There are 2 protein chains.
Amino acid sequence: MSEERRLSPVQEKFILHWGEMGIQWGINRTVAQIHALLFIAPRPLHAEEITETLGVARSNVSNSLKELQGWGIVRRVHVMGDRRDHFESLKDVWELFRTIADERKKREVDPTLALLRECLAESDKALVRDSHTEGRLRELLVFFETTTGWYERLRGWSPSALSQLASMGDRALKLLGLGT
Amino acid sequence: MSEERRLSPVQEKFILHWGEMGIQWGINRTVAQIHALLFIAPRPLHAEEITETLGVARSNVSNSLKELQGWGIVRRVHVMGDRRDHFESLKDVWELFRTIADERKKREVDPTLALLRECLAESDKALVRDSHTEGRLRELLVFFETTTGWYERLRGWSPSALSQLASMGDRALKLLGLGT
DNA sequence: CACTCATTTCTGCTCAGACAGAACAGGGGG
DNA sequence: CCCCCTGTTCTGTCTGAGCAGAAATGAGTG
């Protein structure tokens, strides 16, 4: 029973903060906390450990883990000699955030693109044209198309390439003849 | 009374979608809907119009407008010969999202950076070092430092420079000798 | 084939955030 | 100077997400 792994003050602080951050970004607090715990855990944890460590109900942990797996940032692993499922987070930070970004794009940006195209199509065949609204929506569409196109190219680049590019800063722009 | 401006189906569709999107990103539905309405409105609207158009309480509109102003994406304007406050959204899409990104960075990313540094500092002087947690947090810190540094450089660039860079795609990388 | 252990699903409760309506404040204009 | 128009703040209600505990499912073992 109760291996009772106590969190260090630093760990607790981080997990609590991560939970609050989650809320700001539309992610359930417990889900975010569990992810934070798995992220700093030195080994895969099983549900019972999570339950005890965070003080939430087992069912809550179960559902939250399912959601995290749905996001693709937590996966089930098996530990030899233990029947229980264990869970671990993606550990590579770049991969982690790329995965989250991919998923958010799929869930939120793509449907928005679809909706904007739909709206513009309907607007086209409407009896009373509303060119102002149309213009606004078109600008939004261009924005999302441009940025997602950009993201899709970027996401394939290696972290090192990205960070090199970042560290080059404005020099990169000059090289490319894109100075402001 | 009741100028009763009715929304077109397209407008309604867009506003409702924008509201749902808001929720996904941790923004109140009504707040997002009001923003959507102001974004597509051809002229500044006063609170009463918003109340009627969206069918929400006046107080709700008042508070939501205050929040939108806090985000810096809606501002009060005065219309000649009308004592009532009128409100309009930022119309330039790039500026709009840059403003939102700036604000989210200030509210969420910067505090996270501060917290991670705090955690690492505390971890440094702890009696029992937890090098694993420390490592994870350090990686997160590097990630946030890198990406925010990158954002801070990028945010000054003109939309046209950004879209040119995007359209260049991988060629840009090759030019910079950063190919994967 | 029953029993145990692990996990998921179901059910109902709880509470925080969202909201409406009322009360309040104030500032022009008649 | 008073009253009306506009906007804000306050207060109570309500809804839905979040959650705990119970029940159900399943999987492995003796």
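The values are calculated or read from the model by the stated rules, or taken from the named source; none is laboratory data. Not measured: the values here are computed from a predicted model. No Cβ is skipped: glycine too gets one built from the backbone with ideal geometry, and neighbour counts run over all protein chains shown. Keep in mind that these areas ignore ligands, DNA and RNA; they rest on the heavy atoms of the full protein, side chains included. Shrake-Rupley method; radii C 1.70, N 1.55, O 1.52, S 1.80 Å.
What single numbered condition from (1) out of contact with any Asp or Glu (no Cβ under 8 Å at 6 or more places or on another chain); (2) outside the structural domain of B:G156 (by TED's automatic domain parsing); (3) of a type in the set (A, V, I, L, M, F, W, C) fails to hold for B:V109?
It is condition (2) that B:V109 fails.
For every residue, the table says whether it meets (1) at pLDDT below 95; (2) within 28 Å of A:G70 (Cα to Cα); (3) surrounded by 13 or more Cβ atoms within 10 Å (Cβ to Cβ).
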position: A:A114; (1), (2), (3): no, yes, no
position: A:R117; (1), (2), (3): no, yes, yes
position: A:A121; (1), (2), (3): no, no, no
position: A:L127; (1), (2), (3): yes, no, no
position: A:L137; (1), (2), (3): no, no, yes
position: A:T146; (1), (2), (3): yes, yes, yes
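Step by step: first the residues of region B:28-43, then only those that are open to solvent by 20 Å² or more (accessible area, probe 1.4 Å), within 13 Å of another protein chain (Cβ to nearest Cβ) and not basic (K, R), then the one that is nearest to DNA strand D (Cβ to nearest atom). Which residue is that?
Only one residue tops the list, namely B:N28.
Could you please give the count of residues in region A:69-86 that are over 24 Å from the mean Cα position of the chain (by Cα), part of a loop (DSSP other than H, G, I, E, B) and of a type outside the set (K, R)? Steps first, please.
Taking region A:69-86 first, the residues over 24 Å from the mean Cα position of the chain (by Cα) are A:78-84.
This time we only want the ones that are part of a loop (DSSP other than H, G, I, E, B), so: A:79-84.
Checking the rest, the ones that are also of a type outside the set (K, R) come to A:79-82.
Adding up the residues that qualify gives 4.
Condition first: farther than 15 Å from B:W25 by Cβ and either within 8 Å of chain B (Cβ to nearest Cβ) or in contact with a helix residue (DSSP H, G or I) (Cβ under 7 Å, 6 or more places away or on another chain) (or both). Now tell me which residues in region A:102-116 satisfy that.
Matches in region A:102-116: A:L113, A:L115, A:L116.
Of all residues in region B:78-95, which are open to solvent by 30 Å² or more (accessible area, probe 1.4 Å) and either within 11 Å of DNA strand D (Cβ to nearest atom) or more than 13 Å from chain A (Cβ to nearest Cβ) (or both)?
As a first pass, look at region B:78-95 and keep what is open to solvent by 30 Å² or more (accessible area, probe 1.4 Å): B:78-85, B:88, B:90-92, B:94-95.
B:H78, B:V79, B:M80, B:G81, B:D82, B:R83, B:R84, B:D85, listed by residue number.
Pick from B:R75, B:R84: which is over 25 Å from A:T112 (Cα atoms) and away from DNA strand C (no atom under 12 Å from the Cβ)? Spell out how you get there, then give the answer.
Numbers: B:R84 fails: away from DNA strand C (no atom under 12 Å from the Cβ).
On inspection, the qualifying residue turns out to be B:R75.
Please go through region A:4-24 and give me each residue that is open to solvent by less than 80 Å² (accessible area, probe 1.4 Å) and either over 17 Å from the mean Cα position of the chain (by Cα) or within 13 Å of DNA strand C (Cβ to nearest atom) (or both), ordered by number.
Once the filter is applied, which keeps residues that are open to solvent by less than 80 Å² (accessible area, probe 1.4 Å) and either over 17 Å from the mean Cα position of the chain (by Cα) or within 13 Å of DNA strand C (Cβ to nearest atom) (or both), region A:4-24 yields A:L7, A:S8, A:V10, A:Q11, A:K13, A:F14, A:G19, A:G22, A:I23.
Looking at region B:44-66, which of the residues that are away from DNA strand D (no atom under 11 Å from the Cβ) and surrounded by 15 or more Cβ atoms within 10 Å (Cβ to Cβ) is farthest from the other protein chains (Cβ to nearest Cβ)?
Here is the first cut: in region B:44-66, the residues away from DNA strand D (no atom under 11 Å from the Cβ) are B:52-56.
If we keep only those that are surrounded by 15 or more Cβ atoms within 10 Å (Cβ to Cβ) too, we end up with B:52-54, B:56.
Values: B:E52: 18, B:T53: 13, B:L54: 16, B:V56: 21 Å.
Applying the filter and picking the extreme gives B:V56.
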